[in-house]
Amino acid sequence: MAKVLPPGPHSDLIARLLSGPEGQTYIHVFSFIDIVSRLAILILLFLVGLEISLVEMKRVGKSASFVAILGIVIPMILGMTTMKILRPSNPLAPDLFIGGILTATSVGITARVLRDLGQDRTSEARIILGTAVIDDVLCLIFLAVVSGLAVTGQINVASIAVTTGKAALFLFASLGIGIWLTPKLVRRISGFGIQNLKLLFGVRFALLLSWLAILAELATIVGASAAGMILNGFFDREVEGISLHDLLSPIESLVVPLFFVWMGI
């Protein structure tokens, strides 16, 4: 533990607990909550995406882009300014780090609050959630700039271009190809008589796009919400039975609270 945590009473306590007879149990419990919470946030953002049509996102796209840019620039400026006031002798790298971490957001918490308040279908909610997707891409580009300045003192243009290209390729390919291909695929497999097709296909599709988002070095929640937006509007019409939202709601109620436990930990 001394190699991972700074020396002190807290590190000693953790080392003592983990090396004791219940140490493995503590690790297993933490790992379980961690894994389930990661799945929970994907389910939550997938459900949010199911309630957002691409037409609505296009309508609020300009406003969402403006909010996303402000959501990065203002925290960055305030963070670096505060550091200069508190620690004027600090080098540039720590100031960039503090400013950078203040640009991060938690769309999962925002989405759940909006849902609990019954405001997730409002124009404001559309702007907030659209901002989250744009913000994730801009944060990746911004972090590439900050990393280059902090480590080498220079901006790595190639790294920024690669990051931007991957993010843009994922978003355009997943939404563009998904909207064109997914309805045809759903119509084809809906005639096979597969039990629980709606639940199986919906969850697997969300997990697939989440995995592709990881390959594009984006957050998994971007893939999950994109999957929901692709299936929005046609999926429940093509496949008979209870709506996908209603099928996933009990699962959401069961696992999403663990996401907030994990955030608290």
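Of all the residues in the stretch 170-193, those that are within 13 Å of residue 226 (Cβ to Cβ), in contact (Cβ under 8 Å) with a residue 12 or more places away in the chain and surrounded by fewer than 18 Cβ atoms within 10 Å (Cβ to Cβ) number 2.
The set of residues in the stretch 91-127 being hydroxyl-bearing (Ser, Thr, Tyr) and under 19 Å from the mean Cα position of the chain (by Cα) consists of 103, 105, 106, 110. Scanning the stretch 194-237 for residues that are modelled with pLDDT of 85 or more and β-branched (Val, Ile, Thr), we see that the one that is surrounded by the most Cβ atoms within 10 Å (Cβ to Cβ) is 230.
The number of residues in the stretch 73-98 being at pLDDT 85 or above and not basic (Lys, Arg) comes to 15.
Might you let me know whether the stretch 105-116 holds any residue that is under 18 Å from residue 71 (Cβ atoms), of a type in the set (S, T, N, Q), surrounded by fewer than 16 Cβ atoms within 10 Å (Cβ to Cβ) and at pLDDT below 75? Checked against the condition, which is being under 18 Å from residue 71 (Cβ atoms), of a type in the set (S, T, N, Q), surrounded by fewer than 16 Cβ atoms within 10 Å (Cβ to Cβ) and at pLDDT below 75, the stretch 105-116 yields at least one hit.
Taking into account only those residues within the stretch 238-265 that are at pLDDT below 80 and surrounded by fewer than 12 Cβ atoms within 10 Å (Cβ to Cβ), which is nearest to residue 188 (Cα to Cα)? Here the residue is 240.
Here is a yes/no grid of residues against (1) in a loop (DSSP other than H, G, I, E, B); (2) farther than 30 Å from residue 261 by Cα:
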position	(1), (2)
14	no, no
32	no, no
40	no, no
52	yes, no
56	no, yes
89	yes, yes
93	no, yes
99	no, no
103	yes, no
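The values are calculated or read from the model by the stated rules, or taken from the named source; none is laboratory data. Because the structure is a prediction, the values reported are computed rather than measured. Glycine also receives a Cβ, built like all others from the backbone with ideal geometry; neighbour counts cover every protein chain displayed.
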